[in-house]
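First comes the structure, then the notes that go with it.
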Amino acid sequence: MRKIEDITDNLPPMLSGKELISALSVLPEYNPEIVNASAAERLMALSDIYRIYVPSKMSQEIYSKLYLALIRSLQKKCTSAVMQQQRENFKAMQHKSYNGGIIGGSDSFSIIGSSGIGKSASVFRAIQVTTDSEVIETENPYAKIIPVLVVQTPFDASTKGLMLEILRRVDEILGSKYYENAHRKKSTTDTLIGCVSQIALNNIGLLILDEIQNVCNSKNGRNLVGSITQLVNNSGISICFVGTPECKEFFSKAMHLARRTMGLQYGSMEYGIEFIAFCKIIFQYQYMERHVEITDKIIEWLYEHSNGNVSMVVAILHDAQEIGILASEKELTLDLLEKAYNNRMELLHDYVEFATIQKPQKTTRKKKNKQQSNGDFSVNNNIKIADLVKEAKESGADIVELLKKNLTVVEVSV
């Protein structure tokens, strides 16, 4: 039986803090002399802006979650229950009676966030930092393990479609012929689940299902999630669901679905240190003839027109410079940003709610008339209502007449 350290030692050490931020960051090399190049060269270089990756708190949390899930999954492969589960999975493939779930599910979790906030980019960047290679090879016994396999959920939430896609992706990486064999034999869905469970048990560490919101709008959604649960129980691998907030309502309908999809949830960036730092970094990549410094007004404008959605910020800055270069403008201005937003992003206008930026306001002290601690109200600085009431009682005078003498009183007939 292979030892735990034989597999986990093939992974890079887990990072945290400044080391993790440095490892996750992707900042393409920028040559300031590019501003003197031709318009064509500057337009070509402008595409580097899409390669920039500035890690956020979300990035660090996703990295930690994926790394620890992968470790737990690999540890499962080092137990004596693996061989028993392999025999049971083979029985399932032969349509024989079997006892499923011997090894049990390692864990499953979700990463849910709005479109464009960078969750998929964070997932793929975390995978690159977590693994040194696409395949881990062990000698005793000999095996090839894919640390992290990313598969997109079928648009129609087809269980068979998902199982075949997993086989196809495994074949791409390992050079096997699982997909070809399954397609040639016209395997049933149950057979495919058993086959994929066996392959996942032997060759997959962490399975990531992207676009999991596809299960919400399909009648096959519940069946697919049930099949995935069976896959987890029969393989022991960790599974990560990545999708948009619309899938939260679907998963919260049943206890077993909610339990399987607990995890991380994110929205757009709030206006603060993180967003300001992101804007300052990306604004350094300028390809127009004159370099301009970013101002608080520009940062606020970017936030108001993106709601803190980083993909929209990148798109606006890219398109604004593209428009400026093509129009032979000299520098990046707020007018160019406005043109990029109005002309290039019109289809997104309905999804952008202009965010109000809360700023600390200066308070000025105002002089207030001091009132007596007994709660008496003054008609003016000298006469109090309580004194007028007392005078009316003692003299038998009409209180309304007394009030008229000291302030404006309007009588209303009822």
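Data table
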item	result
Residue check for Q265: among the polar types (S, T, N, Q) and modelled with pLDDT of 90 or more	yes
Qualifying residue in the stretch 230-244 (condition: surrounded by fewer than 19 Cβ atoms within 10 Å (Cβ to Cβ) and either of a type in the set (A, V, I, L, M, F, W, C) or at pLDDT 90 or above (or both))	yes
Entirely in the stretch 180-258, the helices (runs of 4 or more DSSP H) that have 2 or more residues that are in contact (Cβ under 8 Å) with a residue 40 or more places away in the chain and under 22 Å from V135 (Cα atoms)	189-203, 221-235
Residues satisfying the stated conditions in the stretch 141-157, i.e. assigned to a loop (DSSP other than H, G, I, E, B) and either aromatic (F, W, Y) or free of Cβ contacts under 8 Å to residues at least 60 places away in the same chain (or both)	F155
Residues (crowded, with 22+ Cβ neighbours inside 10 Å and over 18 Å from M262 (Cβ atoms)) located in the stretch 215-226	L224
Candidate set from the stretch 311-347 (those that are within 12 Å of Q286 (Cβ to Cβ) and among the polar types (S, T, N, Q)); member that is surrounded by the fewest Cβ atoms within 10 Å (Cβ to Cβ)	T333
Test: residue in the stretch 288-305 that is in contact (Cβ under 8 Å) with a residue 60 or more places away in the chain, under 15 Å from V352 (Cβ atoms) and either outside any loop (DSSP other than H, G, I, E, B) or over 23 Å from the mean Cα position of the chain (by Cα) (or both)	no
Selection status of I7, part of a helix (DSSP H, G or I), surrounded by 14 or more Cβ atoms within 10 Å (Cβ to Cβ) and not assigned by TED's automatic domain parsing to the domain that holds E137	yes
Flag for M288 being out of contact with any His (no Cβ under 6 Å at 6 or more places or on another chain), within 28 Å of L43 (Cβ to Cβ) and among the aliphatic types (A, V, I, L, M)	yes
Positions within the stretch 67-91 being modelled with pLDDT of 90 or more and either surrounded by fewer than 19 Cβ atoms within 10 Å (Cβ to Cβ) or farther than 26 Å from F241 by Cα (or both), in sequence order	L68
Residues satisfying the stated conditions in the stretch 259-287, i.e. part of a loop (DSSP other than H, G, I, E, B) and of a type in the set (V, I, T)	T261
Residue among G226, G194, G221, G205 that is in contact with a Pro (Cβ under 8 Å, 6 or more places away or on another chain) and assigned by TED's automatic domain parsing to the domain that holds K76	G205
Any hit, the stretch 24-34, residues being among the aliphatic types (A, V, I, L, M) and under 29 Å from K330 (Cβ atoms)	yes
Among the candidates S38, S22, S64, S122, residue that is surrounded by fewer than 13 Cβ atoms within 10 Å (Cβ to Cβ), closer than 30 Å to Q265 by Cα, outside the structural domain of L332 (by TED's automatic domain parsing) and at pLDDT 90 or above	S22
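Conditions (1) modelled with pLDDT of 55 or more; (2) of a type in the set (A, V, I, L, M, F, W, C), marked per residue:
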{"site": "E322", "(1), (2)": "yes, no"}
{"site": "L348", "(1), (2)": "yes, yes"}
{"site": "Q361", "(1), (2)": "no, no"}
{"site": "N381", "(1), (2)": "no, no"}
{"site": "I399", "(1), (2)": "yes, yes"}
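The values are calculated or read from the model by the stated rules, or taken from the named source; none is laboratory data. Just so it is clear, the model here is predicted, and its values are computed rather than measured. Cβ coordinates were reconstructed from backbone atoms using ideal geometry, including for glycine residues, and neighbour counts include every protein chain displayed.
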